[in-house]
Amino acid sequence: MFLKTVTTRSTKNYCDNLSRLKQEVLTADAIVIGAGAGLSTSAGLTYTGERFEHYFGDFIQKYGFHDMYSGGFYPFETLEEHWAYWSRYIYINRYLDAPKPVYNDLLKLVQDKDYFVLTTNVDHCFQKAGFQKQQLFYTQGDYGLWQCSKPCHQKTYDNEFVVKKMFTEQKNMKIPSELVPHCPICGAPMSMNLRADMTFVEDEGWYTAAAQYENFLHKHQGQHILYLELGVGNNTPGIIKYPFRKMTYQNPKAVYACINLLDSYCPKEIQEQTICISRDIGMVLNELSR
């Protein structure tokens, strides 16, 4: 199977690749966007460095955390401290706007096309930029949703109001006890609706979005499709990267475009159908949308 073959990096000139990609965007019958963490990183939603130190200096000093992500797995002694950390995490990554207009530039590029977005990102940036909900499938959850930690039922809950109260009312790295969320059905602690283990809740909205994605692919089967992969790494390649390559391989009219600052490559079997650009995604999208 070609997915196991040695991959090769593109040696074509950046300007040529950019021009070819722009032409594919203009002429494609449909565009399927596959977005990973690198897209949000390009938009300024970084989990290390100055941004992390600004919002989590006290946690860094107490626990020695090196990045926001790893701190989210720490077994805090109390739920009050757990939610003090997580409310900051959610607030800055879900309810504050991204520092850079990368998602807005992407929307400008595809808004007049028949498009669909498949993403592993959980920060809601697509919706905030104006992408249509019915054209979006966020497979791994949403920072803005809670679920029962057991879970005793397959439903998610909006957390915006309580998270903002947690963020503003916490003191000494703890939230008020009355703000600790519990399941309204069984009373167990609530948890994030993020795919970390087998307890992840796929609610009605998740299944609706999955069906809409499958219908979109079926509608455009065999057509000139641009599979536009943006910032997808190799942590979960089976969700976006491998399927995009496989669908390109199976359709001679399809084109696979991979934009990734550090990890842009393709299998040799689809090399003639591929555009690889190893540059900052925001810079590339800005140039394409002009």
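Figures for the structure shown
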{"quantity": "Likely footprinting exposure, THR120, THR139, fewest C-beta neighbours within 10 Å first", "calculated": "THR139, THR120"}
{"quantity": "Computed [θ] at 222 nm, helices only, for the chain once each DSSP H run of length n ≥ 4 contributes -39500 (n - 2.57)", "calculated": "-11000 deg cm²/dmol"}
{"quantity": "Lone cysteines, the chain (no partner Cβ under 4.7 Å)", "calculated": "CYS15, CYS125, CYS258, CYS266, CYS276"}
{"quantity": "Relative exposure of THR156, THR199, THR27, judged by other C-beta atoms within 10 Å (fewest first)", "calculated": "THR27, THR199, THR156"}
{"quantity": "GNM flexibility winner over the chain from ALA43, ALA209, ALA196 (Cα, springs under 10 Å)", "calculated": "ALA196"}
{"quantity": "Over 32 Å (Cα to Cα) - which of LYS113/LYS246; LYS128/LYS268; LYS171/LYS241; LYS128/LYS165; LYS164/LYS241 fall in this group", "calculated": "LYS128/LYS268; LYS171/LYS241; LYS164/LYS241"}
{"quantity": "Separation of alpha-carbon centers, the stretch 221-237 and the stretch 32-106, rounded to whole Å", "calculated": "25 Å"}
{"quantity": "Rough spin-label spacing in nm, given labels placed 7 Å along Cα→Cβ, for LYS100 and ASP158", "calculated": "3.1 nm"}
{"quantity": "Crossing angle, helix 79-90 versus the chain [Cα axis fit, 0-90 degrees, rounded to tens]", "calculated": "30 degrees"}
{"quantity": "DSSP-defined beta bridges in the chain - what % are antiparallel, rounded to 5", "calculated": "35 percent"}
{"quantity": "Sites THR27 and LYS133, calculated FRET efficiency, Cβ-Cβ separation with R0 30 Å, nearest 0.05", "calculated": "0.65"}
{"quantity": "For the stretch 13-170: relative contact order, % (alpha-carbon pairs under 8 angstrom, 6 or more apart)", "calculated": "27 percent"}
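Throughout, read-outs are computed from the coordinates displayed, never taken from laboratory work. On a predicted model such as this, the values are computed, not experimentally measured, just so you know. For neighbour counting, all protein chains shown are included, and Cβ atoms are generated from backbone atoms with ideal geometry for every residue, glycine included.
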